[in-house]
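No value in this document is a laboratory result; all are computed from the given coordinates. Since we're looking at a predicted model, the values are computed, not measured. We place every Cβ from the backbone using ideal geometry, glycine too, and count neighbours over all the protein chains shown.
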C-alpha cells in the first residue's frame, strides 16, 4: 500500500516537551530529537520554545544540530527569576543525502548566573516544539 | 505535475508549490532608529497562500534596548515583532500568511534599534541568526 503525500511535502515529523524539564547544564545537552529517513531532499526545521529561569538575568541558549553538526542557535534572557522569554529557529537544509538523519535541539543555561532553566508545558509560559518538513521544492 | 513517487494526496488537497529560504551569512549591525533593510527574498508566486516565517536572535550593545523588525511585502509593511535585551541576546519570531496575485513579489525584513547598536552575528556567535522562509501553498 503506497503512502500518499501532498505534492511538495514528502513527510512531516513533530515532537514537543510533554513533561516539566529542567537543566542546570552550562554546556549543550539534548532536549528534543527527531530521526527521519529522507530522500535526496531538503528538510525545513521549525523550533519554538518559551521557558522560565530561576535566577535573575539568566539566559537560555538552544541550538539545532543535524547528524551531530550544530547549524543555528538562539539565546534569550529572563529579566528576573521566574519570568520567561521565548525564541524560535527556522532553517532549511541543503539537499541531504538519502537516508536516516537525526535532528536534535540542544539547550543550556548561561554560565554566569547559576540557577536553572525550566520548560514546563503545564505552566502558562512553558513549551518547546520541534517540527520537520521534508520538501521536494 | 507530481514528481515520480510522490502522488498527490488528493486533487483538492493543498500542495506545496515552492519554498525559498535565506539567512544572514555575515555579521551585521545597525544604529538606525528608523527601519533599514536586513534580509529579503524576491520570488515569482502563482496565486497561492504564502506562509512567511522569520526568526532572529541578536543583541544590542547596551542593556535594556529594543530591536524592532518589520515584514514588508512589495513596499508595504504588514507585520512587526521585537525583543528587548536586558543584558545579553534575545530572540523573536514572526509568521504571516498572505495571498499575493500571481507575479514577482519581494518579502523584506527591516530592522531598527531603540538606541545604541543592534547586532546579529551569525558568523562569530553561534546563538545569533536571522532567517526568512517563504512557503507557497497552492489553494
Which residues does a label at residue B:74 reach in region B:98-138, if reach means a backbone N under 20 Å from a point 7 Å past the Cα toward the Cβ?
B:98-110, B:133-138
Per the Kirkwood treatment, what hydrodynamic radius in Å, one decimal, follows for region A:82-133 from the mean inverse distance over all distinct Cα pairs?
14.3
Order of B:102, A:133, B:23 - criterion: other Cβ atoms within 10 Å of each residue's Cβ, fewest first:
B:102, B:23, A:133
If you take the beta carbon distance between residue B:44 and residue A:14 as r and set R0 to 45 Å, what does 1/(1 + (r/R0)^6) give as a FRET efficiency, to the nearest 0.05?
0.90
What order do you get for B:34, B:40 when you list them from fewest to most C-beta neighbours inside 10 Å?
B:34, B:40
Quick one: the Cα spread of chain A along its three principal axes, in angstroms, biggest first?
53, 28, 19
Averaged across orientations, what area in nm² does the convex hull of the alpha carbons in the protein assembly as shown project?
15.1
Taking a spot 7 Å from the Cα of residue A:102 along the direction of its beta carbon, which residues of region A:19-40 have an amide N less than 16 Å from it?
A:28-38
For chain B, which semi-axes, largest first and in whole Å, follow from the square roots of 5 times the eigenvalues of its Cα gyration tensor?
33, 15, 12
To the nearest Å, what is the center-to-center distance of region A:103-135 and region B:112-139, using C-alpha atoms only?
19
FRET efficiency for residue B:123 and residue A:127, using Cβ-Cβ distance with R0 set to 25 Å, rounded to 0.05
0.25
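How do B:21, A:112 line up, fewest other C-beta atoms within 10 Å first?
On the way: B:21 19, A:112 12.
By the 10 Å Cβ count, ascending: A:112, B:21.
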For region A:49-113, max minus min Cα coordinate along each principal axis, in Å, sorted largest first?
46, 19, 13
